[in-house]
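This report refers to the structure that appears directly beneath it.
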Amino acid sequence: MMEDSCDDEDFYDGGGDDDSDPDSVVISYDGLMDHDSDDFDDLNSSNLIYYHRSQNYAILNEDDIRQHQEESITQISTVLSISRVAASILLRQYNWSVSKVNDEWFADEEKVRKTVGLLENDTPLPADQELTCGICFENYPRDRMRAVACGHPFCVVCWKGYIGTSINDGPGCLMLHCPDPSCGAAVGHDMVNELASKDDKEKYNRYFLRSFIEDNRKTKWCPAPGCDYAVNFTVGGGNYDVTCHCSFSFCWNCVEEAHRPVDCGTVSKWIMKNSAESENMNWILANSKPCPKCKRPIEKNQGCMHITCTPPCKFEFCWLCLGAWSEHGERTGGFYACNRYEVAKQEGVYDEAEKRREMAKNSLERYTHYYERWATNQSSRQRAIENLHQMQTVHLEKLSDKQRQPESQLKFIIEAWQQIVECRRVLKWTYAYGFYLNEHEHAKKQFFEYLQGEAESGLERLHQCAEKEFQGYLNSEGPSLEFNEFRTKLAGLTSVTKNYFENLVRALENGLSDVDSHAACGRAGSSHNVGGSSGKGRGGKAKGSTSRSSSSKNMDDSGHWSCEYCTYANVRSSTVCEMCQRHR
């Protein structure tokens with residue numbers, strides 16, 4: 001399971017740039033909210049959270065890690081006909097890559113042995129009854145002396161001190177060598193187990209176990225605080241999103257919180273921007289001016305243009321033209337105007353400074369717009385996680401009693417909340433996506449904002465149903481006749497929202513590359529055709545298709561009709577849109 005392949009090397013070196021499923025790159029924007037007919041039958045499946053079509057990772061607990069570690073050691077020991085101690089030394093040297101060990105060993109065994117410190121022939125201790133320790137230079141009986149394969153004798157006391165100090169220094173103890181400065185012979189696990197104290201052995205074994213995860217490019221620890229699970233990631237056609245058994249979702253590539261549809265580079269820039277001092281400087285530039293005398297930035301907190309700098313400067317000046325206030329008065333416009341500034345502005349004297357200040361202000365306002373919505377969805381997601389936990393631990397049992405239905409038949413509520421949590425995460429990161437979207441690509445930006453708005457609207461409908469409408473059934477005195485209708489409605493909204501967000505993620509990951517500028521511009525005024533996909537997708541129409549007669553307007557080849565208001569693909573027999581409830 002842990003073996004590498006030649007292709008794997010490039011992937012784990014960062015060669016895999018495509019986060020998306022190759023089979024899902026082509027997307028029909030007409031069908032952004034479409035769904036297969038069997039989606040409603042599949043609501044109880046574990047695949048509701050839609051990002052893992054084919055799971056390309058495995059979650060490992062401590063026993064799993066130890067088992068994989070032992071299997072790798074056994075494999076190398078058997079193939080190379082060496083001891084398990086020597087096999088573990090080789091694997092640590094080559095980052096627990098079985099194939100790398102095999103390749104290097106069979107290419108040049110002598111070189112590998114020299115590099116790692118594995119001697120081909122062991123040198124026994126001298127046959128003398130007393131030997132001199134190479135560290136303390138005291139003479140000891142032969143049974144009080146120890147040596148590794150090189151045969152350099154050291155007393156048990158010095159060995160214990162050497163091993164104990166190395167272990168307390170950290171994981172470097174895993175690559176221990178003979179204490180003789182001129183010798184590179186490796187010190188194996190067996191010597192540590194024999195001579196180290198109980199506490200030191202526990203530390204060493206912990207370092208040994210953790211090295212299997214931390215040195216191996218295919219495995220990483222879950223970054224959630226307090227989580228001891230590891231993830232073994234294998235090459236596949238999926239994405240980098242990983243969901244641990246502790247319920248924390250993260251990106252395998254950058255180990256940040258899962259952030260589809262934005263890439264790791266955008267996430268890095270966004271996080272840095274949120275914490276950078278640059279935004280403070282932008283605020284200072286946009287909302288303050290430097291004192292003409294001491295140059296300290298000053299924020300005007302009252303309406304008057306008469307500004308007095310703080311002590312010890314105390315310089316009095318005009319906020320508009322930055323001239324000394326002693327030269328101002330009624331003749332220059334009074335306290336709330338400045339004729340000198342107006343004249344100078346007309347002459348172009350203040351154009352550059354004002355332009356810089358205005359640009360900083362616009363930049364700050366734009367950033368604030370996106371950040372506030374990013375943060376709002378983050379807080380909404382946290383509340384949804386809390387609601388999901390409460391639903392699982394308290395409300396589901398209570399609802400089961402009130403409606404007299406087994407909890408197994410109420411899983412659709414849990415699935416709805418799981419979907420809300422995931423959709424809040426996606427929606428949050430669409431604001432980072434929008435912030436870095438090229439402002440000059442007007443058609444693409446308009447289309448993105450439309451899709452984002454539709455996503456917000458659909459999610460709010462689901463959230464409203466799962467939260468507000470659910471309360472009525474939770475607080476009812478007994479079974480409600482309308483509960484089955486609520487089940488159908490919530491399950492349907494969950495399915496529709498799931499499909500919309502799934503397609504939205506794919507579209508954004510694909511950079512909205514299929515958006516036709518003219519079609520997208522026209523989309524701002526009419527939702528008749530969402531995007532100009534050049535091919536036909538599920539429920540989609542080919543680019544350039546013309547209007548049909550009123551009886552078949554918006555009908556696609558699969559027999560679905562596309563709502564003119566929200567673009568949802570409805571079945572032929574429906575007369576009312578299942579998403580926006582508008583008539584056909």
For Trp221 and Gln390, FRET efficiency with R0 = 30 Å and r from the beta-carbon atoms, rounded to 0.05? 0.55
Would you mind checking which residues have amide H under 5 Å from Ile298's amide H? H placed 1.01 Å from N; only 5 or more apart, or other chain. Lys289, Cys291
Full-extension gain between Ser288 and Thr115, please, as 0.36 nm times their residue separation minus the C-alpha to C-alpha distance. 56.0 nm
Over the Cα atoms of the range 57-103, compute the convex hull volume and normalise it per residue, giving Å³. 76 Å³
Cβ-based charge dipole, the range 111-197, positive-most Cα from Leu195, His152, Leu118: Leu118
Residue-wise HN-Hα coupling along the range 96-111, computed from phi with Karplus coefficients 6.51, -1.76, 1.60 (Hz; x: Gly, Pro): 6, 9, 4, 5, 5, 4, 4, 4, 5, 5, 6, 6, 7, 4, 4, 5
For the range 372-415, what is the accessible area per residue in Å² when the probe is 1.4 Å? 56 Å²
Length added when fully stretched, Ser408-Val157, from 0.36 nm per residue minus Cα-Cα: 84.0 nm
Any residue on another chain or 5+ positions along whose placed amide H is under 5 Å from the amide H of Tyr229 is listed here as Cys222
If we count every other residue with Cβ under 11 angstrom of Trp221's Cβ, Lys/Arg +1 and Asp/Glu -1, where does the sum land? 0
Within a Cβ distance under 13 Å of Cys309, other residues only, what is the Lys/Arg minus Asp/Glu net charge? +4
Local electrostatic count, Lys111, Cβ distance below 13 Å [Lys/Arg +1, Asp/Glu -1]: -4
Residues whose built amide H sits under 5 Å from the amide H of His152, excluding neighbours closer than 5 in sequence, are none
FRET efficiency for Gln378 and Ser182, Cβ-Cβ distance as r, R0 = 60 Å, nearest 0.05? 0.55
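The values are calculated or read from the model by the stated rules, or taken from the named source; none is laboratory data. Only a predicted model underlies this, so the values are computations on that prediction, with no experimental measurement involved. Reconstructed Cβ throughout: ideal geometry from the backbone, glycine too, with neighbour counts over all protein chains shown. Accessible surface areas use protein heavy atoms only, side chains included; no ligands, DNA or RNA. Shrake-Rupley method; radii C 1.70, N 1.55, O 1.52, S 1.80 Å.
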